[in-house]
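I have placed the structure first, in the form of structure tokens, so that the comments after it can refer back to it.
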Amino acid sequence: MKVLICDATAQAALDMISEAGIEVVNKPDITPEELLEEIAEYDAMVVRSRTKVRKPVIDAATKLKAIVRGGVGLDNIDVKYAGTKGIQVLNTPSASTAAVAELAIGYIFALARNIPQMTTSMGDGEWAKKSFSGTEIAGKVLGLVGIGRIGQSTGQKANALGMTAIAYDPFVDEADGIELVESLNDLLARADYISLHVPYTKETHNILDANAFAKMKDGVNIINCGRGGTIDEDALFDAIKSGKVAGAALDVYTEEPSMGHKLYTLDQVIGSPHIGAGTVEAKARVGTEVAKNVINALKG
């Protein structure tokens, strides 16, 4: 039995798989063309967000029994089509919860106190003490769009900091310590900070668009550590320029990699290159769950 590692995966995970008697072929930089040529040799494949597993790859994967996604989102995999071929699709839904939730909270602090902007100012040799007036997050309302594992963890952390977390999620009936609102419009009208924690689907495509921004409080802040494509980035740009949105913190984008994006011409925008799960601890947990999934799929 052979497993193809298509994206960077912790060495400890590869060792676990090898020790279970499964041959590991580690090609973390494999191209789409190479993947199509080689996938027929393998019983399982491991991907993260970089590698796309669509119909052509699945059709070429004549021996494949399992696709293991290191991470939460499955939007880079055609899950339904894989199912028609009898291929299991497995992910690691809880491994990166803490890491992503902590990044979202970190961004709330950074937006409230202009931390990146002040750092840049200091680096420019300035002492602009009177130029930066921050706000406190205690007493503010955090609106969570989506209340799965990561959304709930983010909300609980926000509550502990003195914020009031509310959430909109049509698929959830209750959340521990977090008020569920009846509609997205309710959330938009009440929130001082809005954090997205939804998968990318037809229903969530540009869920925050120009119409949604118009319904928000003046001076709202937007955080997206979930999935790209859930914010209309042109509408966000316009909302920041108009002053409707005070600031935005982005870890994910409609197109990735996202370099030279016009949003980053605005001082009010801070961000990162899709590193929500990029902590030492989360990578270790993801690796362990990936290895267990591969082993169970092929030998369980």
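Read-outs: derived from the displayed coordinates by stated rules, not from any lab. All values reported here derive from a predicted model rather than from experimental measurement. Heads up, the Cβs are rebuilt from the backbone with ideal geometry, glycines too, and the neighbour counts pull from every protein chain shown.
Sequence gap at least 6, Cα distance under 8 Å: using those rules, report the relative contact order of the chain to the nearest whole percent.
18 percent
Given 20 °C and 1.002 mPa s, how large is the Stokes-Einstein diffusion coefficient of the chain in µm²/s, with Rh as the Kirkwood radius over Cα pairs?
Answer, rounded: 104 µm²/s.
Using modelled backbone amide H atoms (1.01 Å from N, in-plane), which distant-in-sequence or interchain residues come within less than 5 Å of residue 271's amide H?
Excluding prolines and chain starts, which carry no amide H, the hits are 250.
Pick from 260, 219, 177: which residue has the top mean-square fluctuation in a GNM of the chain where Cα pairs under 10 Å get a spring?
Looking only at 260, 219, 177, the biggest GNM fluctuation is shown by 260.
If packing is taken as the average count of other Cβ atoms within 10 Å, what order do 147-155, 261-269 fall into, highest mean first?
Numbers: 147-155: 24.1, 261-269: 14.9.
Listed from highest to lowest mean packing, they are 147-155, 261-269.
Spelling out what I want: for every residue of the stretch 31-48, take phi, set θ = phi - 60°, compute 6.51 cos²θ - 1.76 cosθ + 1.60 (Karplus), and round to whole Hz; glycine and proline get x.
Using θ = phi - 60°, the values come out as 8, x, 5, 5, 4, 4, 6, 9, 4, 4, 7, 10, 8, 8, 9, 10, 10, 10 Hz.
Given the DSSP H assignment, sum -39500 (n - 2.57) over each helix run of at least 4 residues in the chain and divide by its residue total; what's the result at 222 nm in deg cm²/dmol, nearest 500? Each step should come with its number before you reach the end.
Details: 11 runs with 108 residues, N = 300.
That comes out to -10500 deg cm²/dmol.
Arrange the peptides 280-289, 80-89 so that the one whose residues have, on average, the most other Cβ atoms within 10 Å appears first.
The peptides rank, most packed first, as 280-289, 80-89.
Among the lysines, which have Cα under 23 Å from the Cα of residue 215 when same-chain residues fewer than 8 positions away are ignored?
140, 202, 241, 244
Please turn the phi angles of the stretch 58-67 into ³J(HN,Hα) values with the Karplus equation 6.51 cos²θ - 1.76 cosθ + 1.60 (θ = phi - 60°), one per residue in order, whole Hz, x for glycine and proline.
With the stated coefficients, the stretch 58-67 comes to 5, 5, 6, 8, 5, 9, 5, 10, 8, 10 Hz.
Would you work out the relative contact order for the stretch 1-70, in percent, from Cα pairs under 8 angstrom that are 6 or more residues apart?
Once normalised by length, the contact order is 38 percent.
List the residues, sorted by chain then number, that are 5 or more residues from residue 220 or on another chain and whose placed amide H is less than 5 Å from its amide H.
Residues meeting the amide H criterion: 246.
Once phi is turned into θ = phi - 60°, what whole-Hz ³J(HN,Hα) does the Karplus curve with 6.51, -1.76 and 1.60 give for every residue of the stretch 216-221, x standing for Gly and Pro?
7, 4, 5, x, 5, 10
Based on Cβ point charges of +1 for Lys and Arg and -1 for Asp and Glu, what charge dipole magnitude is obtained for the chain about its Cα centre, in debye rounded to the nearest 20?
That gives the chain a dipole magnitude of about 220 debye.
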